[in-house]
Structures are given as structure tokens and as C-alpha cells.
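Okay, structure first, notes after.
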Amino acid sequence: MKVRILIFCCILCFGCSRVEPRKPIHPKPSTTILLETIEESKKLNKLEDDKIINLIKQDSTKKYQVSPNGFWYSYIRKVQEEIPFAKTGDEVEIEYNIADLKGNIIYSKEELGVKKYKVDKEDFLSGLQSGIKLMKVGETITFVIPSYNAFGISGDGNKIGINQSIISTVTLINIK
């Protein structure tokens with residue numbers, strides 16, 4: 001009988017203890033890590049922009065303009081006539097190449113061929129998407145595009161590396 005009372009008291013005492021909640025196996029990343037990542041990305045982008053600005057300063061043969069969309073451009077052939085610019089929804093035909101910042105051709109215009117592109121309606125290099133809207137038929141522009149407006153942290157999976165800035169010379173052939 002005493003044994004039963006003792007067991008009953010033990011069950012009563014230990015049965016009423018609080019259950020500790022389990023902690024998650026994979027905790028959510030802290031805000032601190034997110035903020036550190038953002039700051040690191042800003043530093044990398046600044047270094048990349050500085051490298052491009054130095055390249056532009058050394059090129060005395062062209063006059064570059066900075067775009068509010070985060071790239072630089074220089075007219076090779078500018079059309080003075082009053083003809084419309086490419087705009088969202090237009091189908092354009094362009095010829096372009098892609099080079100690294102040292103001027104080494106990564107993809108030639110022959111390799112890429114004539115590209116038909118529906119402005120802002122298709123996936124394309126974000127820097128060139130904005131740049132094409134600065135163009136009239138017959139114009140040729142050289143764009144210097146930082147990686148965050150080109151192929152980004154993944155590259156193209158082939159010839160363009162991670163975080164690689166590019167230079168692209170584009171000729172607008174036609175707007176439909």
C-alpha cells in the first residue's frame with residue numbers, strides 16, 4: 001500500500017512538470033546576417049563601379065554618359081534625325097557583342113547573330129534592356145555594364161564568370 005501511495009505521489013509530482021518546447025533544427029537567419037550581406041554587396045558593387053570609372057577615365061577616345069539605370073554608355077554612331085526611340089512593347093532587331101573590361105571579345109556579333117527582342121517583354125540583360133530604349137534605328141552604342149546589371153553572381157554558366165562586368169557594343173537595326 002505504501003508503495004502504491006509513493007508511486008501515485010511520484011506520478012503526481014513529475015506528471016505536472018512543464019514541457020520544454022523543442023527548438024527549431026534550422027533556425028531562421030538573423031537580421032544581423034542579412035544586414036551584413038547587404039553591406040558586403042554594397043562594397044562589392046562600389047568596387048566594381050570604381051573599376052569601371054577608372055576604365056572610362058583611361059579611354060580618351062570616347063565620351064561616356066552615366067545612365068540612371070546603373071550603366072555607362074558612349075555613342076559610336078548617333079542618328080541626328082527626329083525618329084522615334086525604341087520603347088516598351090516594340091520588337092527590335094539588334095546586333096551586339098559582349099567583351100570583358102579589357103576589351104577581349106567573349107561573344108562576337110557573328111556568334112550571337114541578329115537578335116529579335118520584344119522590349120521589356122522578354123528576359124534579356126537588364127542593362128541592355130534599358131540601354132536599347134536610348135537608341136534609334138541605325139545607332140551604335142557601347143555599353144559598359146556592371147555585373148549586377150548583366151549576368152550577376154551566377155555568370156552565364158559558360159564564358160562569363162561570376163560578378164563579371166561586361167562591355168557590349170549594340171547596333172539597332174530595326175524597330176517594329
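The values are calculated or read from the model by the stated rules, or taken from the named source; none is laboratory data. Owing to the predicted nature of the structure, the values given are computational and were not obtained by experimental measurement. Heads up, the Cβs are rebuilt from the backbone with ideal geometry, glycines too, and the neighbour counts pull from every protein chain shown.
Pull up region 149-176, narrow it to residues that are touching a residue at least 24 places away in the same chain (Cβ under 8 Å) and of a type in the set (S, T, N, Q), then point me to the one that is surrounded by the most Cβ atoms within 10 Å (Cβ to Cβ). That would be S168. Every test in (1) over 22 Å from Y148 (Cβ atoms); (2) hydroxyl-bearing (S, T, Y); (3) surrounded by fewer than 15 Cβ atoms within 10 Å (Cβ to Cβ) is passed by S41 save one, and that test is (1). Candidates are the residues of region 130-146 that are crowded, with 22+ Cβ neighbours inside 10 Å and not in a loop (DSSP other than H, G, I, E, B); the one that is nearest to the chain's Cα centre (by Cα) is I145.
Got at least one residue in region 62-69 being β-branched (V, I, T) and either touching an Asp or Glu at 6+ places or on another chain (Cβ under 8 Å) or surrounded by 16 or more Cβ atoms within 10 Å (Cβ to Cβ) (or both)? Within region 62-69 (the criterion being β-branched (V, I, T) and either touching an Asp or Glu at 6+ places or on another chain (Cβ under 8 Å) or surrounded by 16 or more Cβ atoms within 10 Å (Cβ to Cβ) (or both)), the answer is no, since none of the residues qualifies.
When S74 is tested against (1) small (G, A, S); (2) surrounded by fewer than 14 Cβ atoms within 10 Å (Cβ to Cβ); (3) modelled with pLDDT of 95 or more, only condition (2) is not met. Specify the residue that is surrounded by the most Cβ atoms within 10 Å (Cβ to Cβ); the eligible residues are those in region 89-114 that are within 24 Å of L55 (Cα to Cα) and either of a type in the set (A, V, I, L, M, F, W, C) or touching a Cys at 6+ places or on another chain (Cβ under 8 Å) (or both). Result: I98.
Exactly one residue out of L12, L44 is touching a helix residue (DSSP H, G or I) at 6+ places or on another chain (Cβ under 9 Å) and modelled with pLDDT under 90, and it is L44.
The residue of region 115-129 that is modelled with the highest pLDDT, among those that are part of a loop (DSSP other than H, G, I, E, B) and surrounded by 17 or more Cβ atoms within 10 Å (Cβ to Cβ), is V119.
Being in contact (Cβ under 8 Å) with a residue 24 or more places away in the chain, of a type outside the set (F, W, Y) and within 25 Å of Q65 (Cα to Cα) is a property that S130 has.
Of the residues making up region 88-99, just one is within 15 Å of G127 (Cα to Cα), out of contact with any Phe, Trp or Tyr (no Cβ under 7 Å at 6 or more places or on another chain) and assigned to a loop (DSSP other than H, G, I, E, B), namely T88. Filtered by the rule that a residue be under 25 Å from S168 (Cβ atoms) and among the β-branched types (V, I, T), region 26-66 gives I52, I53, I56, T61, V66. One residue stands out in region 147-176 among those that are part of a strand (DSSP E or B) and hydrophobic (A, V, I, L, M, F, W, C): the one that is nearest to T88 (Cα to Cα), namely I175.
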